[in-house]
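The values are calculated or read from the model by the stated rules, or taken from the named source; none is laboratory data. Nothing here was measured: the structure is a model prediction, and the numbers come from that model. Neighbour counts are summed over all protein chains in view; Cβ atoms, including those assigned to glycine, are modelled from backbone coordinates with ideal geometry. Side chains included, ligands, DNA and RNA excluded: accessible areas come from the protein's heavy atoms. Shrake-Rupley method; radii C 1.70, N 1.55, O 1.52, S 1.80 Å.
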Amino acid sequence: MMVVEVEKLVCPVDTLLMCGDKGASRPLGGQSKPYLYLHGTPLFIHVLKALGRIERINRVFIIGDKQRLDHLLYTHARAIKISKPVTTLNQWESLLSNVWNGFLATLDGYEPGDEERDRDIKNKVVFILPGDAPLASPGEINEFFDKADMTKLDHVTGLTSRNVMERYYPAKGKPGIKMAYFHFREGDYRINNLHMARPFACANKQVIQQAYNSRYQKDIKNIVQLTKDMWERHVKLQSLGLYFMMQVSMFLSFIRLARLCEISSRYTPIGAVSAAVSRILGLRFGFAFTSKGGAALDIDNEGDYETMKSRYFEWKQMQAVD
């Protein structure tokens, strides 16, 4: 049994804002998504402005095309008005290397092996989010911070329920955004792009990159590839069974057999899924449930982008009222 000594999460927390466009990232219209403009401002700067209003966030490290990031930060400096230290880092070749090297950059003067000599370094936590979620709000991020129990866990991912996300659906002749869900025994949930992580605790980092490469699970090739990757890593049949049942539920939902989806999802309780992810990654994994939904609305296609342009101010106002 893995035993890890951890200390209470110390705030403010350093943040990694992910704006890379290499590896498995998917551009939109030939453009890297964090740099798309929304009402005169690049998407990542919308996120950065929200981060600047959160007291529990310390420094912000933005990872992407450094020259481009520096130019855009200079161009939009007057609109940002952020008092927190902001550092730009030139991207590496993959999401995993961006997160890992970005994390190491938060450890001032780090030398390999320091984590074995310094408990504070070994237990350091970072907050991670993407640059293409312009509706991520201070309220939602603070709620995530409140619920991400890093005294008991090493990696927490945010989840938002279908009931919340339905507020962003098409309605009354207005366009909307519908996204895919994971179907658990407890209900249907969307991963909301907010992550709190203790990177030195992760024993199997490469699994994160493999899962990211196959993240679009509507594509049968990605399902087959991720299953193959899990099998080659000798993932237990119990975990593969949970993954299979989640895929069954997603398929049944896609073909609109809601009753059968409800039955299949009974075999994927959230607790069992959290335990399986913990075994696969070699750390203590869990979810934090948030009630806003804006951070889950990343932009995956042209339709979502046009909808975000159309309803951005309305949705921002809705979040302010919540």
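Here the spin labels are modelled as points 7 Å beyond Cα on the Cα-Cβ line, and at Leu240 and Ala320 they lie 5.3 nm apart. Along the axis of the charge dipole computed for region 42-194 (Cβ charges of +1 for Lys and Arg, -1 for Asp and Glu, origin at the Cα centre), the listed residues Ala77, Val99, Gly176 are led at the positive end by Gly176.
For region 37-56, the residues whose amide N sits under 16 Å from a probe point set 7 Å from the Cα of Arg78 along the beta carbon direction are 40-42. Spin-label model, Lys178 to Glu166: label points 7 Å out along the Cα-to-beta-carbon direction sit 1.3 nm apart. Between Ala105 and Asp146, what FRET efficiency follows from the Cβ-Cβ distance if R0 is 35 Å, with the result rounded to 0.05? Here the calculated transfer efficiency is 0.85. Exceedance of the 21 Å cut-off in Cα-Cα distance is limited, within the set Lys33/Lys178; Lys174/Lys316; Lys124/Lys292; Lys292/Lys316; Lys81/Lys124; Lys49/Lys309, to Lys124/Lys292; Lys81/Lys124. Shown is the FRET efficiency for Glu186 and Arg279, computed with R0 = 35 Å from the Cβ-Cβ distance and rounded to the nearest 0.05: 0.95. On a per residue basis, region 259-322 carries 43 Å² of accessible surface, using protein heavy atoms and a 1.4 Å probe.
Here the accessible area is traced with a 1.4 Å probe on the protein chains. For region 92-172, carbon and sulfur cover 51 percent of it. Which shape class applies to region 255-322: rounded if a/c is under 1.5, otherwise prolate when a/b exceeds b/c and oblate if not, where a ≥ b ≥ c are the square roots of the Cα gyration tensor eigenvalues? Here region 255-322 falls in the prolate category. Ligands, DNA and RNA are left out, and with a 1.4 angstrom probe the accessible area of region 97-173 is 42 Å² per residue.
Most tightly packed first, judged by the mean number of other beta-carbon atoms within 10 Å of their residues, the peptides 40-48, 290-298 read 290-298, 40-48.
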